[in-house]
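Here is the structure we will look at, set down as structure tokens.
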2 protein chains.
Amino acid sequence: MLKLPGLIDPHVHVREPGATHKEDWDTVTQAALAGGITTLLAMPNTQPPIFDEATLNISLDAAKAKARCDYGQYLGAGPANADIVASLAPKAAGLKMYLDSTFGELRLDDMTLWTPHFQQFPKSAPMVMHSESRTMAAAILFSVIYDHPIHIAHVSLKEEILLIKAAKEKGIKVTCEVCPHHLFLTKDSPLPQGEGLGVRVNGRTEVRPRLATQADVDALWNNLAVIDCFATDHAPHTLAEKDSDSPPPGFPGLQTMLPLLLTAASEGRLSVDDIVQRLYTNPKKIFHLPDQPETWVEVDENAVYEIKASDGFSRCGWTPFEGWQVKGRVTKVVLRGKTAFENGKILAESGYGRNVRD
Amino acid sequence: MLKLPGLIDPHVHVREPGATHKEDWDTVTQAALAGGITTLLAMPNTQPPIFDEATLNISLDAAKAKARCDYGQYLGAGPANADIVASLAPKAAGLKMYLDSTFGELRLDDMTLWTPHFQQFPKSAPMVMHSESRTMAAAILFSVIYDHPIHIAHVSLKEEILLIKAAKEKGIKVTCEVCPHHLFLTKDSPLPQGEGLGVRVNGRTEVRPRLATQADVDALWNNLAVIDCFATDHAPHTLAEKDSDSPPPGFPGLQTMLPLLLTAASEGRLSVDDIVQRLYTNPKKIFHLPDQPETWVEVDENAVYEIKASDGFSRCGWTPFEGWQVKGRVTKVVLRGKTAFENGKILAESGYGRNVRD
């Protein structure tokens, strides 16, 4: 039996408010616990997006009532809310800036709209960037000019990880996360669930940032030291949506991250300590998260089994890793002295979770 | 009579080798002299592009034979020529990196291809970026990380000039240039030569970076102190090409830059000293250009007249400023003790021009 600390996922799409047919604060925290995750940080691009006090309260009220693990809620940076989100920073996981994929109230495509956020968001509060390729480089320049540390979400490309490496070597305060699907899948990976569908038009491959090349995946593995965190970017959509004519991008990931990483550890690709650093030590520090006393995760590191969506607690009902054989099973999760998950069953009740900022 | 130093244009497309029906080293240097410019720096995106010793010699041999004013030739950064161009740096005006608009051998769209150039090109040698919007920000980050000063070509947007301002205030070694067409035209400007053609599809409006909004133009004028140089980005194409179904982007500009700026000076929008700083003092320093002894430009600052392409020496035969009334005419240019232009006539001979790096 392997005993790990309660893990932290800094990048989760809860889908509540606005799309609870995909997921809500109840199901997402069940999936988290089953994946060994005792703290998740929720992204703000819901419907409505979380971008002021009223919308923040909508999410936090739902979380307080339903969440079974601990949580934080990001604020979304919009074109005209820099002073508002700065004032709400103590209540939030941090500020999320969508610099590439843009959505309604969180649209920020002109760089002049980035400036007030970098100037006003508290220096000690986390700022997370959806910023791909050269947009990521632009975000890092803003970090330099306005002297605010930033965290780069879901790094997927060789050019990104190498530039972050160079920036860190220069002393620039940038951290980053990588998602399991960018470590274990490429744009050419066969999809176990894609039978009967053309793989290249299969909506189940759609994710942002896109699945990349083998060279990109190799660069991530070869620069493990540059990766501060692993994060799921858990982004559930129903199978009906994924298999529709306009499939939304996103994969679920909460229950598959740890087994995939433990399997890689069993193959010698990284150590269990590497995993703990990136799923506990580093995110705890980067996102200023409180201690969770009497909290741990028990893993049967020798359990070999197949990933099955039917074992999942997410409402989305599928996984891109269906049928993958993995080694390492979460058997028990204890959160603040109470057993929250054991032998495949969620034991924590709705509302047991705490806001990390309370 | 106003007496100015011999002016410097750091951004000129000579079109030789490869497209001498548009322009060549003879006609481009005639247009330069008629515009008060005694030194021009030639861009490398010719056919073939200037990206190694053989292609550099093609251009320099033609320039030596034909040029009537002084000149330098940029090298183009390619995906695999970082060591070659670094070794050729002493013979070149500098290194041009095309980070947005890409062409064949000079294609650099992956940021990993930028790194060896930033690492290897000599620290004291000029590096010029075609980099728009957030790509410009990425280029400035590379400048920070690899500690190499860079010069941003043809700044056209509010977000660009404001970011350069912020970077300079932070102490980052970045300089920039702005083209007259981005100071005097917007995307909504009527085109005097566009009669009978739909203005929005008129090839004569096509230029890169594109003509921008009034807010962008206002931001450039309001941040004149941030602008180090004016530059024409003289990019001649024939009228037949511009009015074709696939019009190539680019405007001529060598003969119109100084009259347009002097007209703005006569209106109090900037001073003659502002012009001299940006067309002589600053580019001389940024591009490490030698003195031109006994060299000056005489201007009749009270001469009012209409810009006419028919007065032009460029082979392209048109100007986007046709019919504009301007105040300030170049009457005489003396280059290294010899009268090179007087009363509308070119007096310097082919081959009189010198390479600024000899």
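Miscellaneous remarks
- Total residues in segment A:148-158, condition surrounded by fewer than 24 Cβ atoms within 10 Å (Cβ to Cβ) and touching a Phe, Trp or Tyr at 6+ places or on another chain (Cβ under 9 Å): 1
- All conditions in (1) in a loop (DSSP other than H, G, I, E, B); (2) surrounded by fewer than 24 Cβ atoms within 10 Å (Cβ to Cβ) hold for A:E23, with the sole exception of (2).
- Selected residue (criterion: surrounded by the most Cβ atoms within 10 Å (Cβ to Cβ)) from residues of segment B:218-238 that are in a loop (DSSP other than H, G, I, E, B) and among the acidic types (D, E): B:D233
- Residue in segment A:78-91 that is over 25 Å from A:L289 (Cα atoms) and either in contact (Cβ under 8 Å) with a residue 60 or more places away in the chain or within 12 Å of chain B (Cβ to nearest Cβ) (or both) present: no
- The condition of being under 20 Å from B:I172 (Cα atoms), crowded, with 24+ Cβ neighbours inside 10 Å, within 14 Å of another protein chain (Cβ to nearest Cβ) and in contact with a helix residue (DSSP H, G or I) (Cβ under 7 Å, 6 or more places away or on another chain) holds for A:A138.
- Residues (in contact with a Ser or Thr (Cβ under 8 Å, 6 or more places away or on another chain), within 9 Å of chain B (Cβ to nearest Cβ) and not acidic (D, E)) located in segment A:145-162: A:Y146, A:L157, A:K158, A:L162
- Search result, residues across segment A:219-264 that are farther than 28 Å from A:L163 by Cα and without any contact (Cβ under 8 Å) to a residue 60 or more places away in the chain: A:A240, A:D243, A:S244, A:D245, A:S246, A:P247, A:P248
- Elements of the type helices (runs of 4 or more DSSP H) sitting completely within segment A:240-308 and holding at least 2 residues that are among the hydrophobic types (A, V, I, L, M, F, W, C) and within 18 Å of the chain's Cα centre (by Cα): these cover A:257-266, A:272-276.
- Scanning segment A:30-58 for residues that are closer than 15 Å to A:A231 by Cα and assigned to a helix (DSSP H, G or I) yields a total of 3.
- Odd one out for A:I172, checked against (1) within 9 Å of another protein chain (Cβ to nearest Cβ); (2) within 25 Å of A:K187 (Cβ to Cβ): (2)
- Just one of the numbered conditions (1) under 30 Å from A:G328 (Cα atoms); (2) surrounded by fewer than 24 Cβ atoms within 10 Å (Cβ to Cβ); (3) not β-branched (V, I, T) is not true of A:A32: (2).
- Number of residues in segment A:165-180 that are farther than 16 Å from A:K96 by Cβ, in contact (Cβ under 8 Å) with a residue 40 or more places away in the chain and crowded, with 23+ Cβ neighbours inside 10 Å: the value is 1.
Here, each number is a calculation from the coordinates, and none is a lab measurement. Just so you know, these numbers come straight off a predicted model, no measurement behind them. Neighbour counts run over all protein chains shown; Cβ positions are idealised from the backbone, glycine included.
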